Structure formats: C-alpha cells, structure tokens
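The values are calculated or read from the model by the stated rules, or taken from the named source; none is laboratory data. A quick note: this is a predicted structure, and the numbers were derived from the prediction, not measured. Here the Cβ positions follow ideal geometry from the backbone for every residue, glycine too, while neighbour counts run over all protein chains shown. Side chains are part of the model used for accessible areas, which takes the heavy atoms of the whole protein and leaves out ligands, DNA and RNA. Shrake-Rupley method; radii C 1.70, N 1.55, O 1.52, S 1.80 Å.
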Amino acid sequence: MQGLATVPSEILEQERVRQQLDPKQIAAGPFVPYDSRLLQEAVWARDVARRARGDSPAVRRQSEQLFDWVVRNVVLVDDAPPSDPWETLLHGRGEAEDRAWAFVRLCRGIRIDAVVLPVQTDAGSTPLVAVLADDGVALFDARLGLPLGKTPGAPVADASLADFVADDALLREYDLPDSPYPVTAEALAAATPSVVAAPLALSGRAAALERALTGVDSVVLTADPASLADSVAAALPEAPMVTLWAYPYETLLAKLAAPRPVRNDEVRAFLPFAWRPPLWKGRVLSFRGLVETRTQQADDLAEPQNDLRAAQQSLMDRNLRPRDDRLAEVASLAKREIYLRAKTIATYWLGVVALERGDYQNALDWFSNRTLASPIVGWLKSGVAYGSARAYETLGEVDRAASLLESSDSPQRHGDRLRARWLRTLPKEDKDQPEADAADAAP
C-alpha cells in the first residue's frame, strides 16, 4: 500500500495536520499531551474487548460479540462532533463512521484484523467493516447496527464478503418494502479496503511503549498497514489497492479547525464528566467489567471484584443523581444544566450497565425512569428505545420488542425494522425463549 500518499492531499496539505505527520515526528518524536487520551483509548479498547469477545475461540464469533457491544453502547446519531474513538466510547454516541472506527479499535485491542470498506452508494458512503475471520471475510454494517450474514433471519448463516459479491440476492434480503438497502454487489466489489491507522498508531513512540508493556499490562498502540494490506490481499485477491482510511485524518483536521461554537459545544458535553467524577468512574468501570469468582481471589475474605456492580454503585452516587428539588435550588442556570446533564446521562448508563449484567428487568426500570424524559440530551431517546427493545427481546417479550423497533425514528431505523421483521417471523416456541446471542452477550 502507499501509506499516507492515499490520504486526500487537501487534508495532508493543511499546516497543522502536516506538523503531526512530519516524518521525523512520526519516527522519533516525543509523546505530546493529547497522546495521553489516545493511550487511555487503547486501554479502554483492550478492556472492553477482553470481556465482550465472549468465550468462543473463533474470530468471527468474537468480532460479532464486539460489534454487538458497540451497537448497544454507542447510539447512532447523524450530527456528532468530530470524535476520536475514546470520545465515542465515553459519550456513547457517534455517526456510522465513528461506530466503525470504534469497532475496529476494539478488534485491534485483541489483535483481530479488520479494515473499513467505504461502499459508495446512491445514498452516500456506507462504512462497512470487514473482519478477516477464520472462515472468510465477515461484514458488519455500522449504520444498520447489524452484522451481514449473521443478521437475524439472514438466508445464509455466516455469509462472507465473497458470497455477497457473488450474489446480490443475498444483499436484497436487507431491503425493506419502502426502503431498499443501498449496498449492492457491484458497489461492494468496487469498494477499496481501507486500513484504520491514525498518526499515533504509525509512530515510533507508540511502538516503543507497546514493546515495553507485556503480560496483563500489554496494550495494542500501533497498526502495521503494510502487513495488514498483505493479509487483505491474500483474503481478497480481486480487491482494489488497499489504502489508509481517510476518516481519522478528516477528523483530525476537523478537530484542529473547529470554530469556537463547536469547541464550546464539546466542552459542554464533557463538563458533566469533569464536574461529577462518579460519572466518569462509572463509565470506565463498565468498560473493564471485570467479574471475579472467589476461586480467583488472592484474599479468601475479600469481596470478589465486580466492575459492573461497582459501575452501578458509582452511577447511583447521590451527588450525581440529586433529587429534583435540590437541583432547583442551584442558583446558576449554567451549573444547573451541567448537573441535570450528568443526572440524565448517569440514569441512562444505569440502564445500559444493567443490560450488560444481564439484569434485563432492572434495565427496563432504568430506561423508563422519568429523568430520561428530559430533552436536555436528545440523542438518548434512541438509546433508551433500542436498549428497551433488546431487554424485552431477551426476556422473550418479542412482540413488545418488535413494536419498539418498528416505531424507531433513529438513524438506525432501517436496521431496527429489519430486526423487528425477524422477531415477527419467529416460531412461537422461539418467541417464548430469550435469544441465545443476546443472552451470551451478558457477562
């Protein structure tokens, strides 16, 4: 592959981008302050991936579990600010490209090879993710929120990229009566595989630190575009030339050139985490999600570690979720808004963490909490509806789940309606049982 030469020149020619991509800086430059956030991102990706990948040794099964974690934890929006994966994970919202980037980052956290396939369609670009699995190239659609070929009701279980390119009828199974699925076999065959490698992942400093961290502390900080391109070429001999995915560089430029109003909005979104540390703590604990058994403990009398339970405890902190009358006493309107944002987000994450723990009725209780009726964080509405649907589905109440999905007005509505269509066609005996895949996703 041609490395940075494949990134659009209008991005690389920007002065502030050029500074970060200077060959000397990449090869031997020191760490810079923002790198600390990207190191944190790598740890989060490792922790999530180690827990969420499940117990199967098969790459396809592990990647399906990682993708489903992303769909449950990152609400699809159409107007997210430019975000690196750590911001996408922390806030739990992002555009289709942000979801795809976060998914690839989780895969890399446990050394699963994945690339993005930006498929050009009449509706724009659809960022599919292609995972180099042991039984072919598995495809995932970040906008649908569904894996292709393992989607509920798919005509061919475990279909691969080669199957979809060879038979457009397989893709037409993802059409809806009033909304055709925009990806075609022809467009898929023409898509250029794109390696996801932001500047730090190409640097000597990241490689040196990665080599120094071993054992349980090991973390994947780098990408090897040339090696991954060779693997892609072996798996997809007819594919076009492999390039670097431009989106991380577009994001870098957008962040560097963001006007003041955009920067102010990003500060406001971050302030609840800065002013209410239990919110940050609860989110990070949910990433790690470590659950010990007594046989794993060094101290026989110590309580087993359970990060998801601890996350719930942190998110229920009384100062994070104060009573409404206490909030009303706050004189400053700006402070009151920050506190209300924190309370609303914490309430939503309590539902998500309960879903992750497999406590589905508790998840439904949190998702119906009146705090979430506040419009102050508008995109949470989609997350609440989807999380509730997944809880009902796993509890066997598939008609209620399907009704919620059919009424979806989120950017993921096409995928939601596909899932609802599958639920409506389940035999009665299957409707009365929790969906196996959903149950397996819970720790």
Report task. Kindly report, to the nearest 10 Å², the accessible surface of F270 as traced by a 1.4 Å probe over protein heavy atoms only. Result -> 50
Query raised in the report: What distance in nm separates the simple spin-label points at L327 and A258, each placed 7 Å from Cα in the Cβ direction?
Result: 2.4
Report task. Subtracting the Cα-Cα distance from 0.36 nm times the residue separation, let me have the gained length for D265 to E186 in nm, one decimal. Result -> 24.4 nm
Query raised in the report: Around P127, what is the net charge, scoring Lys/Arg as +1 and Asp/Glu as -1 over all other residues with Cβ under 11 Å from its Cβ?
Result: -2
Requested in this report: Count the lysine pairs in the chain whose Cα atoms lie under 20 Å apart, taking only pairs 8 or more positions apart in sequence or on different chains.
Outcome: 4
Report summary line: Ranked by GNM mean-square fluctuation in the chain (Cα springs under 10 Å), the top entry among R37, R341, R93 is R37
Report task. For the chain, set up a Gaussian network in which alpha carbons nearer than 10 Å are linked by springs, and say which option among Q361, Q62, Q14 fluctuates the most. Result -> Q14
Query raised in the report: Based on the Cα atoms of region 94-154, what semi-axes does the equivalent ellipsoid have, where each is the square root of 5 times one gyration tensor eigenvalue, given in whole Å with the largest first?
Result: 18, 15, 11
Report summary line: Put Y34, Y339 in order of accessible area, largest first, probe 1.4 Å, and you get Y34, Y339
Query raised in the report: Once both labels are modelled 7 Å past Cα along the beta-carbon direction, what's the D134-A226 spacing in nm?
Result: 3.0
Query raised in the report: Using θ = phi - 60° and the Karplus curve 6.51 cos²θ - 1.76 cosθ + 1.60, what whole-Hz ³J(HN,Hα) does each residue of region 168-182 get, with Gly and Pro shown as x?
Result: 5, 4, 5, 6, 5, 5, 9, 6, 10, x, 10, 7, x, 5, x
Report task. Find the relative contact order for the chain and round it to a whole percent, using C-alpha pairs within less than 8 Å whose residues are 6+ positions apart. Result -> 16
Requested in this report: Sort largest first and round to whole Å: the equivalent ellipsoid semi-axes of region 74-232, each the square root of five times a Cα gyration tensor eigenvalue.
Outcome: 29, 18, 14
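Enumerate the helices in the chain for which the Kyte-Doolittle hydropathy averages -1.0 or more and the C-alpha atoms extend at least 18 Å along the helix's axis, using complete DSSP H runs.
Helices passing the filter in the chain: 35-52, 59-73, 96-109, 260-275, 333-357, 380-394.
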Query raised in the report: For region 115-194, what value does the Rg/Rh ratio take when both radii are computed over Cα atoms and Rh is the Kirkwood radius, given to two decimals?
Result: 0.92
Query - Amide H partners (placed H, <5 Å) of Q305, local residues excluded - result: E292
Query - Cα shape, region 168-270, gyration tensor, a/c 1.5 rule - result: oblate
Report task. Name the long-range amide H neighbours of R93: under 5 Å, sequence gap of 5 or more, or other chain; modelled H, no Pro or chain starts. Result -> V75
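Using r as the Cβ-Cβ distance of M316 and K381, and R0 as 25 Å, what FRET efficiency do you calculate, to the nearest 0.05?
Values: r = 22 Å, r/R0 = 0.88.
Efficiency, rounded to the nearest 0.05: 0.70.
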Query raised in the report: Expressed in nm to one decimal, what extension gain is obtained for the pair D78 and R421 from 0.36 nm per residue of sequence separation less their Cα-Cα distance?
Result: 121.1 nm
Query - Magnitude of the charge dipole, the chain, Cβ model with Lys/Arg +1 and Asp/Glu -1, debye to 20 - result: 1780
Report summary line: Burial-style ranking of 20-31, 366-377, 409-420, average other-beta-carbon count within 10 Å with highest first, yields 409-420, 366-377, 20-31
**Report entry** ³J(HN,Hα) computed for each position of region 84-89 - Karplus, 6.51 cos²θ - 1.76 cosθ + 1.60, integer Hz, glycine/proline x
**Finding:** 7, x, 5, 6, 4, 5
Report task. Determine the shape class of region 275-404: with a ≥ b ≥ c the square roots of the Cα gyration tensor eigenvalues, call it rounded for a/c under 1.5, and otherwise prolate if a/b is greater than b/c, oblate otherwise. Result -> oblate
Query raised in the report: Which of V77, V262, V165 moves the most in a Gaussian network model of the chain with Cα springs under 10 Å?
Result: V262
Report summary line: From the Cα centre of region 1-76 to that of region 250-269, the distance in Å is 19
Requested in this report: Starting from the Cα gyration tensor of the chain, take the square roots of the eigenvalues, sort them a ≥ b ≥ c, and report rounded, prolate or oblate (rounded when a/c is under 1.5, otherwise prolate if a/b is larger than b/c, else oblate).
Outcome: rounded
